[in-house]
1. Regarding the range 189-210, can at least one residue be identified that is within 16 Å of Gln241 (Cα to Cα) and small (Gly, Ala, Ser)?
2. Counting just the residues of the range 556-583 that are modelled with pLDDT under 90, assigned to a loop (DSSP other than H, G, I, E, B) and not charged (D, E, K, R), which one comes out surrounded by the most Cβ atoms within 10 Å (Cβ to Cβ)?
3. Keeping to the range 121-143, report how many residues are farther than 24 Å from Gly473 by Cβ and open to solvent by 10 Å² or more (accessible area, probe 1.4 Å).
4. So which residues in the range 301-351 are among the charged types (D, E, K, R) and modelled with pLDDT under 90?
5. Among Phe143, Phe113, which is the only one that is farther than 29 Å from Trp411 by Cα and touching a residue at least 40 places away in the same chain (Cβ under 8 Å)?
6. Could you count how many residues in the range 370-390 are of a type outside the set (S, T, N, Q), open to solvent by 20 Å² or more (accessible area, probe 1.4 Å) and part of a strand (DSSP E or B)?
7. Could you pull out the residue among Ser102, Ser130 that is over 13 Å from the mean Cα position of the chain (by Cα) and of a type in the set (Ser, Thr, Tyr)?
8. Take the range 391-409 and flag every residue that is touching a Gly at 6+ places or on another chain (Cβ under 9 Å) and open to solvent by 70 Å² or more (accessible area, probe 1.4 Å).
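The values are calculated or read from the model by the stated rules, or taken from the named source; none is laboratory data. In this text, all values refer to a predicted model and were calculated from it rather than measured experimentally. Cβ placement follows ideal geometry from the backbone for every residue including glycine, while neighbour counts extend to all protein chains displayed. Heavy atoms of the whole protein, side chains included, go into the accessibility calculation; ligands, DNA and RNA do not. Shrake-Rupley method; radii C 1.70, N 1.55, O 1.52, S 1.80 Å.
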Amino acid sequence: MILLNRRLKSFPILTILIACSFFFAGQSLALDDEEQFEDFSELDLNDMLDVTVVSASKIEQSLRDSANAIYVITAEDIRRSGVRSIPEALRLAPGVFVAQISGNKWVVTMGGFTLFEYSNKLLVLIDGVSVYNPISGGVDWDFLPVSLEEIDRIEVIRGTGGVLYGANAVNGVINIITRSGETESASFVNVMAGTQNMRQMHATTRLESEDGALSSRVSVSYEEDAGLGQARGTQQVYDGQELATASIRNTVKLDDSAEVHFDARYKGGIIQRPNVDETWRGDDSKLESDIMRGRLDLFFDNGAQLYVQGYRWMENVRIDRDGYETYSAQLVYDGEAQVMVPFELAGTHQFIFGGGYREVYGKSEDILDFDQDFTVGNAYMHDAWKLTDELALNSGVKWEHVNLVDPTWQWRGALVYNPTPQHGIRLSVSNAYRSPTLTETYHQVFYEIPDELAFLIPGWPPEQDQFLASVVGNEDLEPEQVVSYEAEYRGFWFNRVNFDVSYSYREYTNLITVFIADPGFYVDLPPVIGPLSQNITYVNDGQAISNNVEVSMDAKVTDELRVMLNYAHIDIRLTGDKVFKNYEENTPRNLGRAAVSYTHPKGFMVDVSGSYMDEYTVQPVSLATYDFNSYWRMDARIAQKIELNSGDLEIGVVGQNLTEEWHSEYPDVEIDTQPLPLRSAFYGYVEFRDK
């Protein structure tokens with residue numbers, strides 16, 4: 001009966017999807033020939049060979065000349081996929097493992113080593129601003145002060161990026177690049193509504209002075225939904241969110257050789273988690289996050305470039321757990337500069353040198369018993385040496401000092417060979433470090449012994465405090481290190497197919513892992529009680545090797561039909577004795593995605609995608625083990641774009657998680673309970689863009 005009810009509830013929405021498809025198809029055929037519109041499908045895929053990226057060297061360069069394996073997720077890719085969050089958008093890139101924990105918590109990793117929502121070997125940037133949480137080492141995806149509609153593209157570096165980005169760019173770098181005031185995209189308004197009480201709106205406008213010297217882009221958005229649901233008898237409990245985001249990006253062109261940029265962005269609101277049982281009553285989290293950034297760019301006649309940048313990033317969270325309030329905050333100040341100097345010497349060089357200084361402050365009443373801080377100083381140099389038109393050598397080195405640990409040297413050497421404009425090969429070797437987090441260094445959590453168990457402690461009352469259990473940081477930790485060997489082939493076949501395959505072999509040393517320093521003791525009573533007085537800390541005894549293969553294909557089958565495929569195989573083998581053994585199983589070994597996009601010349605669009613995850617097992621320390629079977633997830637989008645005199649109107653419907661309602665993807669390690677299930681979701685949207 002329950003299954004029947006679910007099918008009946010979904011039936012009207014599925015009927016609407018089908019009906020809309022016929023309606024939109026009919027409308028598309030009714031449009032005049034003059035009302036055709038430009039879409040990604042009208043682009044020649046050969047243009048993708050010369051896609052400009054900035055994340056590999058912090059200057060603009062062709063993707064085919066990059067010293068890293070980079071995948072670019074465009075704004076059009078995001079829009080056509082129908083996703084509603086940045087983690088979902090990252091599923092579009094090969095090798096990125098994305099799992100949803102709750103309505104507002106995610107796991108995102110690259111290259112394995114999934115450590116729950118605190119996965120800590122991935123660096124994330126918003127317009128070059130690092131949003132790596134210094135307390136937990138992960139990324140608070142629901143706190144990022146950026147909306148999907150602002151994004152121009154996401155550049156995903158699949159591999160180490162320490163030579164330019166320093167600590168924590170271990171397995172990858174994700175650079176979220178938003179539209180600036182200079183971007184010639186139109187103003188638009190987008191309104192969405194759907195199941196799970198989802199309501200969302202976004203508005204963006206562009207302003208420009210008469211002489212074009214000053215341009216601004218202003219964006220505001222609001223989102224609200226009931227998140228995921230979980231059955232509690234005859235009731236459903238939800239973990240929703242109410243969030244508002246605002247941003248402004250300003251560009252001042254002083255002349256043809258100088259630009260000043262000033263950006264400000266803010267996000268605030270409430271996120272909720274459901275009641276799990278009578279002991280865990282759920283919580284409401286009030287969050288605030290903002291970024292303020294200033295940047296000066298200078299361009300010289302000889303092709304040299306200089307930029308100077310400073311930013312502040314703040315994130316505050318207050319959690320109310322059934323009347324008990326906790327507080328967590330991080331604050332970062334950063335300044336950096338970089339110069340690129342071109343010159344000729346046995347070939348063409350782009351010599352880059354730069355450096356920066358950062359101050360980081362963190363506080364968590366749940367984890368740290370007082371405020372903590374650290375500083376980061378760095379200097380680097382890098383040379384892109386084009387020996388011939390076909391062959392280039394990239395090399396660089398970076399010195400960095402995080403004052404929690406000894407200074408490190410990070411380096412890279414890469415050979416890029418493009419025998420023809422359609423084919424290229426890249427070979428590289430590099431290293432990267434991850435510094436200990438504030439939690440790993442200064443963790444101070446003690447669980448008091450309940451009065452009813454106090455009589456079990458030998459020699460009670462003790463001469464000094466004793467605890468049921470404790471988790472204590474280690475101030476003598478060293479940074480984790482990886483050495484990565486990579487090979488990649490990039491090709492453009494038949495003037496219609498972009499193909500990319502890469503392989504990496506990585507050796508990890510000094511992995512930081514949880515270690516039971518004192519196992520405590522048990523009391524032999526029925527039932528056995530314990531362990532009591534257990535002490536957990538962190539050590540550097542972990543070692544591992546990994547083999548990763550990533551494949552992606554983007555094919556323009558016809559002018560209307562586009563097919564995209566990607567696949568990744570991740571194999572991790574642990575070689576250390578004291579290491580978090582679940583690193584081998586916490587990430588699926590095989591994952592991939594297949595997508596088809598159809599665009600009629602008169603504006604009718606259909607997008608269908610399926611994501612595959614191999615089986616994996618999650619076993620938090622001292623908690624239950626959760627086995628996740630392999631699964632396919634399917635999403636679909638149907639839309640019609642209509643050209644009006646004043647702009648373009650787009651109407652569409654999206655279905656998410658269509659294959660298996662109520663499947664789960666990852667547990668919440670903060671609470672020992674069954675993972676929350678994902679439900680199928682449907683929403684419709686209307687978007688208007690002016691001309």
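1. Checked the range 189-210: at least one residue is within 16 Å of Gln241 (Cα to Cα) and small (Gly, Ala, Ser).
2. Val579
3. Counting residues in the range 121-143 that are farther than 24 Å from Gly473 by Cβ and open to solvent by 10 Å² or more (accessible area, probe 1.4 Å) gives 4.
4. Applying the first criterion (among the charged types (D, E, K, R)) to the range 301-351 yields 301, 312, 315, 318, 320-322, 325, 334, 336, 344.
Hits for the range 301-351 are Arg318, Asp320, Arg321, Asp322, Glu325.
5. Being farther than 29 Å from Trp411 by Cα and touching a residue at least 40 places away in the same chain (Cβ under 8 Å) holds for just one of Phe143, Phe113, which is Phe143.
6. Count: 8.
7. Numbers: Ser130 fails: over 13 Å from the mean Cα position of the chain (by Cα).
None of the others qualify; the one that does is Ser102.
8. Trp399, Asn403
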